[in-house]
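*Asks:* Please see the structure below; I have some questions.
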């Protein structure tokens, strides 16, 4: 893989973001105002129901399966919250991602983290070096996107 293509998202990421956008359009069309967190939870639940047939690892999830080359993590709680059942903040997701990246190092190629909240100061101070090390040392792709009412906000890489 050359350095120019390293941070180009895959078609899988495009499909996931399109799936979320279509859900947002349905909510607008049906005139119900579900929160971003609620829609992200619904998306996580849909992927959970599809199970291993999606060819992705999903976090948080009650079902841990074989390692796949793509991982989707969804943080729906406040940035600094740990995981509780199938809901997590970014902090909780990062703890799980570190364990996943270590155990699936030979298989994982790309990770997408969707989050409903963002704190750049905490990210820079506590998590950026971990992700930089993983991506650069092992030639992996990690994308973090904040999902808001008006769209998607890329947070990593920037």
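*Asks:* Report, ordered by the first and then the second residue, all pairs with beta carbons closer than 6 Å, sequence separation of six or more or different chains, a first member in the range 51-74 that is closer than 10 Å to residue 86 by Cα, and a second member that is at pLDDT below 90 and assigned to a helix (DSSP H, G or I).
*Replies:* 61/48; 74/40; 74/44
*Asks:* Output the qualifying pairs, or none if there are none: Cβ atoms under 7 angstrom, residues six or more apart or on different chains, first residue in the range 3-17 and under 23 Å from residue 58 (Cβ atoms), second residue at pLDDT 50 or above and buried (at least 16 other Cβ atoms within 10 Å of the Cβ).
*Replies:* Pairs found: 7/141; 9/143; 10/110; 12/70; 13/112; 13/143; 16/72; 16/112.
*Asks:* Okay, next question. Consider the range 17-35. How many of its residues are modelled with pLDDT of 70 or more, loosely packed, with under 12 Cβ neighbours inside 10 Å and touching a helix residue (DSSP H, G or I) at 6+ places or on another chain (Cβ under 8 Å)?
*Replies:* Of the residues in the range 17-35, 0 are modelled with pLDDT of 70 or more, loosely packed, with under 12 Cβ neighbours inside 10 Å and touching a helix residue (DSSP H, G or I) at 6+ places or on another chain (Cβ under 8 Å).
*Asks:* So is residue 49 assigned to a helix (DSSP H, G or I) and either crowded, with 17+ Cβ neighbours inside 10 Å or in contact with a strand residue (DSSP E or B) (Cβ under 9 Å, 6 or more places away or on another chain) (or both) or not?
*Replies:* So residue 49 does not fit the description; no.
*Asks:* Can you name the residue in the range 132-155 that is closer than 16 Å to residue 89 by Cβ and without any contact (Cβ under 8 Å) to a residue 60 or more places away in the chain and is also surrounded by the fewest Cβ atoms within 10 Å (Cβ to Cβ) among such residues?
*Replies:* 155
*Asks:* Looking only at the range 94-117, count every residue that is within 15 Å of residue 77 (Cα to Cα) and in contact with a helix residue (DSSP H, G or I) (Cβ under 9 Å, 6 or more places away or on another chain) and tell me the total.
*Replies:* Total satisfying the criteria: 6.
*Asks:* Within the range 118-149, work out how many residues are in a helix (DSSP H, G or I) and in contact with a helix residue (DSSP H, G or I) (Cβ under 9 Å, 6 or more places away or on another chain).
*Replies:* Number of matching residues: 8.
*Asks:* Sticking with this one: Mind checking which residues of the range 98-122 are surrounded by 14 or more Cβ atoms within 10 Å (Cβ to Cβ), within 21 Å of residue 57 (Cα to Cα) and over 12 Å from the mean Cα position of the chain (by Cα)?
*Replies:* 98, 100, 101, 104, 108, 109
*Asks:* Right, here's the next one. Residues being in a helix (DSSP H, G or I) and in contact (Cβ under 8 Å) with a residue 24 or more places away in the chain: count how many of those fall in the range 95-117.
*Replies:* 6
*Asks:* Output the residues belonging to the range 71-89 that are crowded, with 20+ Cβ neighbours inside 10 Å and outside any loop (DSSP other than H, G, I, E, B).
*Replies:* Answer for the range 71-89, where residues must be crowded, with 20+ Cβ neighbours inside 10 Å and outside any loop (DSSP other than H, G, I, E, B): 71, 72, 73, 74, 75.
*Asks:* Could you identify the single residue in 92, 125, 38 that is farther than 18 Å from residue 15 by Cα, crowded, with 20+ Cβ neighbours inside 10 Å and free of Cβ contacts under 8 Å to residues at least 60 places away in the same chain?
*Replies:* 92
The values are calculated or read from the model by the stated rules, or taken from the named source; none is laboratory data. Computed from a predicted model, the values in this text were never measured in an experiment. As a convention, Cβ positions derive from the backbone with ideal geometry for all residues, glycine included, and neighbour counts pool all protein chains shown.
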